[in-house]
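Visitor: My structure is below; once you've seen it, I'll send some questions.
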Amino acid sequence: RYNNHTIQDVPTKVMDNVAAVSSNSGTTAIVKRDGTVWVTGKSVSSWDVSYSSFTKIMDGAAVPSASGKPTVGGFSDVTQDSYYADAVLWATNSAIAKGTSANTFSPNDSCTKAEILTFIWRAAGEPTPTISNPFSDVPGGSYYYQAALWAYQNGIVSGPTFAGKTPCTRSLAVTCLWKAVGSPSVSPANQFSDVSSGANYAQAVAWAVNSGVTNGMATNIFSPNAVCSR
């Protein structure tokens, strides 16, 4: 018994999805996979404060990953030193994207055409399309329904079918982004051996590189057919 609290004589589960635990003679702190911090016992800042049961005291803590590196956003698979860490935080905090589970973002999963256009539509403020559904393969209840119609209405995509499950290639991603910002005129610079000046995505590639959206995969390779990850 400690401070009128009963000591458990046998191991007892108190919480699920725990990432880390720290304890001393008076306090136990738990960091969960979702980035929340819970404490019980004497307060670490004042001996005049105590928690009789586990109490959440903060959100957004860095969660240890399997590699031991600090993570961000409560995602065990996004470490702070990942080049996309800030982008993931921005996307999730802005409700543009969300995790694939409570504590995973799955950054290396392939991205589909439906996903990339939904991300772009959300980043644009989720404007409501004012046209009827032009696609034969976009059901009304699909998560990308409004994004698909908005993209069609704004000339980002075309055709009688949407093919939302199609893997999003690098050329498709930059083309959708380029069209979403008004298709600014850019003179294609023949800096990539795998992007011909006559390719329908040549201006989009040049715009993306000039705008700092992306770079080539190598000195003179863009890899337009490589599939984008989340």
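The values are calculated or read from the model by the stated rules, or taken from the named source; none is laboratory data. Every value quoted in this text rests on a predicted model; they were computed, and no experiment measured them. Because the Cβ atoms are built from the backbone with ideal geometry, glycine has one as well, and the counts that use them run over all protein chains shown. Side chains included, ligands, DNA and RNA excluded: accessible areas come from the protein's heavy atoms. Shrake-Rupley method; radii C 1.70, N 1.55, O 1.52, S 1.80 Å.
Visitor: What does the accessible area of residue 15 come to, in Å² to the nearest 10, when a probe of 1.4 Å is used?
Guide: The value for residue 15 is about 40 Å².
Visitor: Mind grabbing the accessible area of residue 145 for me, 1.4 Å probe, Å², rounded to tens?
Guide: For residue 145, solvent-accessible area is about 60 Å².
Visitor: Could you identify which residue out of 127, 11, 167 has the top mean-square fluctuation in a GNM of the chain using Cα springs shorter than 10 Å?
Guide: 11
Visitor: Let me ask you something else. Which whole-number percent is the relative contact order of the chain (Cα, under 8 Å, 6+ apart)?
Guide: Result for the chain is 12 percent.
Visitor: What percentage of the solvent-accessible surface of the chain, computed with a 1.4 Å probe over protein heavy atoms, is contributed by carbon and sulfur atoms?
Guide: Roughly 50 percent of what the probe reaches on the chain is carbon or sulfur.
Visitor: Among 55, 214, 89, pick out the residue whose Cα is farthest towards the positive end of the charge dipole of the chain, where Lys and Arg carry +1 and Asp and Glu carry -1 on C-beta, about the Cα centre.
Guide: Positive-end residue among those listed: 55.
Visitor: While we're looking at this one, here's another question. Between 104, 130, 71, find the one with the highest GNM mean-square fluctuation for the chain; connect C-alpha pairs within less than 10 Å.
Guide: Result for the chain, Cα springs under 10 Å: 130 fluctuates most.
Visitor: Sticking with this structure for a sec: Okay, helix-only estimate at 222 nm for the chain: each DSSP H run of n ≥ 4 adds -39500 (n - 2.57), divide by all residues, round to 500 deg cm²/dmol; what do you get?
Guide: Helix-only estimate at 222 nm: -6000 deg cm²/dmol.
Visitor: Separate question: Could you pull the accessible area for residue 122 with a 1.4 Å probe, rounded to 10 Å²?
Guide: Residue 122 exposes around 70 Å² with every protein chain in place.
Visitor: Give, as a single signed number, the net charge of other residues whose beta carbon lies under 15 Å from the beta carbon of residue 107, with Lys and Arg counted +1 and Asp and Glu -1.
Guide: -2
Visitor: What does the extension gain come out to for residue 194 and residue 166, with contour length at 0.36 nm per residue minus their alpha carbon separation?
Guide: Value of the extension gain: 7.9 nm.
Visitor: Calculated FRET efficiency, residue 95 and residue 10, Cβ-Cβ r, R0 45 Å, to nearest 0.05?
Guide: It comes out at approximately 0.55.
Visitor: Grab the eigenvalues of the alpha-carbon gyration tensor for the stretch 49-178, scale each by 5, take roots, and send me the semi-axes largest first in whole angstrom.
Guide: Here the semi-axes work out to 35, 17, 12 Å.
Visitor: If I compute semi-axes √(5λ) of the Cα gyration tensor in Å from the structure I just sent, which labelled value in (1) 36, 21, 15; (2) 47, 21, 14; (3) 39, 21, 14 lines up?
Guide: So the structure-derived entry is (2).
Visitor: Hey, what's the Kirkwood Rh for the stretch 106-173 if you take every pair of different alpha carbons, in angstrom?
Guide: 12.2 Å
Visitor: To the nearest µm²/s, what D does Stokes-Einstein give for the stretch 125-230 at 37 °C and 0.692 mPa s, using the Kirkwood radius over alpha carbon pairs as Rh?
Guide: 221 µm²/s
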